[in-house]
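The values are calculated or read from the model by the stated rules, or taken from the named source; none is laboratory data. On a predicted model such as this, the values are computed, not experimentally measured, just so you know. So basically every Cβ, Gly included, is an ideal-geometry build from the backbone, and we count neighbours across all protein chains shown.
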Amino acid sequence: MTLLVAFMVFFNRQNPLTDVDLVLMLGPIAAMIACLTMMRRHTRLNAIPGFDNLAGIALLGLLAFVCILLIAKTRIIVGFFGSLPALLVLFLLLYAGFHYALRMIRR
């Protein structure tokens with residue numbers, strides 16, 4: 001749901017948050033925080049199989065969204081009008097982020 005709201009705000013330039021009741025928007029987030037807090041009291045979160053993979057999947061989704069946003073907002077006509085070192089730094093940062101996210105998933 002968060003990615004859907006972010007997509008509508010950044011790409012469609014609509015604000016769906018004004019049309020929805022605040023309880024419907026914040027209720028699932030509050031329930032998730034309450035569940036994780038109760039789980040943390042009874043067990044270590046590292047002991048749950050696959051729980052560390054969720055952080056990697058969330059990071060991978062965030063990085064993919066950032067890449068799509070950069071592509072949508074960048075005006076690429078014939079070439080990249082920035083400097084070559086800036087393009088290389090951007091590529092290396094994105095590559096490092098994707099590599100880290102995939103490594104978190106494969107653990």
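Numbers for the structure displayed
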read-out	value
Wholly enclosed helices (runs of 4 or more DSSP H) of the stretch 1-84 bearing at least 1 residues modelled with pLDDT under 70, surrounded by 10 or more Cβ atoms within 10 Å (Cβ to Cβ) and β-branched (Val, Ile, Thr)	2-10
Residues that are within 22 Å of the chain's Cα centre (by Cα) and not hydrophobic (A, V, I, L, M, F, W, C), drawn from the stretch 38-48	46
Lone qualifier among 33, 68, 29 - being under 21 Å from the mean Cα position of the chain (by Cα) and within 27 Å of residue 95 (Cα to Cα)	68
